[in-house]
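What follows is one structure encoded as structure tokens, with my remarks underneath.
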Amino acid sequence: MAIITLTTDFGTKDHSVAAVKGRILSELPEANIVDISHEVPFFNIPECAYILKNAYKNFPEGSIHIYGVDSEPSPDNEPIAILLNEHYFIGANNGVISLISEGIKPSKITKIELPKMDKGPFPLRDIFAVVACHLARGGKLELVSKPFDELKEAKDFEPRIENNGDTLIGNIIYVDNYGNVVTNISKSVFEAYRKGRSFEIIARREKLTSVHTRYNEFIDFNLPENNRRSGGKFLAIFNSSGFLELAIYKSNSKGAGSAETLVGLNHREMITVNFL
């Protein structure tokens, strides 16, 4: 049985997530439902895409991913079903797919058409869940949708190259649960322009001259435990998704502080990398 994942901006206070799961289980009692996230900032297409893009690749091929951010049906926001990289994606035509595809062309792009389709305000329950169950049972995409060629494009920030390749200007595209901030500077772009040179990363008043491979790499584990430097260090790392991330070791955005709260780094903030 295929896995069905959910990524939404619903939160967990209201009944919405439970209602979607209930509809899936009513149609398919043996369904395997996995929550990716329900804490996407409201109507935030880029953050929905970032979370889903970095999660879906870890699931088996054939998995079905429902995304629910800014999903209410309209002539500009029609329900679609996509086959991309051997995974199904079901959601609204709001630009999410263009941000997760990474240059991979979808195998199938379709607009959902169900008999007596309910185009009310709850498409995740009334449309997306029904299509996901159909696919999970082994049903054909063509039976619930028809070919579609008007996939909406959404453009995320891309780093700028300046000073003949000596400077990268990036932006913060995501703030994680710890208050660490993720930039749009990928490791591949960073290394392509670095060319073995030393560098400095400028974030507001802070300057970093190294990028770690682990958050705790700066700790000298040869020292006695009570002599080691522990939490509070501001550092750079290429995260598990391959993007430059700025973090405070063992940060706590709700307590001692984080890169977001202590350094004052927020969504879309500019980050500069100078190669020396």
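Computed from the coordinates by the stated procedures, all read-outs in this text should not be read as laboratory data. Bear in mind that the values here come from a model prediction, so they are computed numbers and not experimental data. Note: ideal-geometry Cβ built from the backbone for every residue, glycine included; neighbour counts use all protein chains shown.
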Compute the signed sum of charges (Lys and Arg +1, Asp and Glu -1) over the other residues within less than 14 Å, Cβ to Cβ, of Thr5.
-> +1
Straight distance only, please: which lysines reach the Cα of Lys105 with their own Cα at less than 21 Å, same-chain residues fewer than 8 apart left out?
-> Lys53, Lys57, Lys140, Lys146, Lys152, Lys155
Answer in debye to the nearest 20: the dipole magnitude of the chain about its Cα centre, from +1 Lys/Arg and -1 Asp/Glu charges placed on Cβ, is 540 debye
Expressed as a whole-number percentage, the relative contact order of the range 160-275 with C-alpha contacts under 8 angstrom and at least six residues apart is 40 percent
Compute the length gained on full extension between Asp166 and Thr272: take 0.36 nm times their separation in residues and subtract their Cα-Cα distance, giving the result in nm to one decimal.
-> 37.1 nm
Between (1) 39, 21, 16; (2) 25, 22, 20; (3) 28, 21, 18, which matches semi-axes √(5λ) of the Cα gyration tensor in Å calculated for the structure shown?
-> (1)
Give me the net charge of Ala92's neighbourhood, meaning all other residues with Cβ under 10 Å from the Cβ of Ala92; Lys, Arg count +1, Asp, Glu -1.
-> -3
Based on the Kirkwood radius over alpha-carbon pairs, what value in µm²/s does the Stokes-Einstein equation return for the translational diffusion coefficient of the range 3-147 at 37 °C and 0.692 mPa s?
-> 221 µm²/s
Mean residue ellipticity (222 nm) of the chain, computed from DSSP H runs ≥ 4 via -39,500 (n - 2.57), nearest 500 | -5000 deg cm²/dmol
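Using Cα-Cα distances under 8 Å and only pairs 6 or more residues apart, what relative contact order does the chain have, in percent?
Relative contact order comes out at 16 percent.
Where does each of 238-246, 158-166 land if you order them by average Cβ count within 10 Å, highest first?
Going by the mean number of other Cβ atoms within 10 Å, highest first, we get 238-246, 158-166.
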Cα-centred dipole magnitude for the range 160-275, charges only on beta-carbon of K, R (+1) and D, E (-1), debye, nearest 20 = 80 debye
